[in-house]
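Structure record follows, encoded as structure tokens.
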Amino acid sequence: TRGLLAEAGVTLPLTIARRRVHLATGAGLPSRGPLVMTATPPLYFRPEATGLVVSARELSDDGDLTRIDWLATARDRAVHRLPVLENARFREAWTGEQVATPDGRHLVGPCPGLDGLLLATGLAGYGIMHAAAVGELVRSWWAGDGDALAGAFDPRRLTLG
């Protein structure tokens, strides 16, 4: 988003957060179940085809942590929440980037400084979960209907940089 907007001469206060996700495998791990998220300390895990996907969100932003340090901390947090992970094998599954806003809310609506462009960004990895709602907000902006939630995600709430 930042790069595309920069080409159009628009700067929004967006940051990029690197995320590391690991796969825990081994005997006794649940093969079904919900996505589990904890706020303190930040952690999530969910069943995947061959194990559990595990991530400790804010650690991925710390460039001083080595991959081994990150994995050890994420593993400790996960074992605390799900003790069966004590004997699991953890390996890196993937690393990616997420666009984040200063207030942690999505940007869905008119792009400040660029008439005619609607944004749907800053979903911070939740896009697949929020796709239907974001689609409805974009439709609402496009049709000019207005929506009770639209103002909460209006990109014009951010100060242009």
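Rg/Rh for the chain (Cα atoms only, Rh after Kirkwood) is 1.06. Rolling a 1.4 Å probe across all protein chains gives residue 134 an accessible area of roughly 20 Å². Counting only protein chain heavy atoms and rolling a 1.4 Å probe, the accessible areas of 128, 16 rank, largest first, as 128, 16.
Within the accessible area of the chain, what % is carbon and sulfur when the probe is 1.4 Å and the other protein chains stay in place? Present the calculation step by step, with values, prior to reporting the outcome.
On the way: 5120 of 9240 Å².
The value for the chain is 55 percent carbon and sulfur by accessible area.
Per residue, the chain exposes 57 Å² of accessible surface when a 1.4 Å probe is rolled over the protein heavy atoms with every protein chain present. If I fit a long axis through the Cα atoms of helix 127-143 and take the longest principal axis of the Cα atoms of the chain, what angle between them do I get, 0 to 90°, rounded to 10? Once rounded, the angle reads 10 degrees.
By a 1.4 Å probe calculation restricted to protein chains, residue 69 has an accessible surface near 70 Å², given to the nearest 10.
For the chain, what relative contact order do you get, as a whole percent, if you take Cα pairs closer than 8 Å and at least 6 residues apart?
Working: 265 pairs, mean separation 41.2, N = 161.
This gives 26 percent for the chain.
Helix 67-81 axis versus longest C-alpha principal axis of the chain: approximately 80°, rounded to the nearest ten.
The values are calculated or read from the model by the stated rules, or taken from the named source; none is laboratory data. As the structure is a prediction and not an experimental result, all values here were calculated from the model. Just the protein is used for accessible areas: all its heavy atoms, side chains included, with ligands, DNA and RNA removed. Shrake-Rupley method; radii C 1.70, N 1.55, O 1.52, S 1.80 Å.
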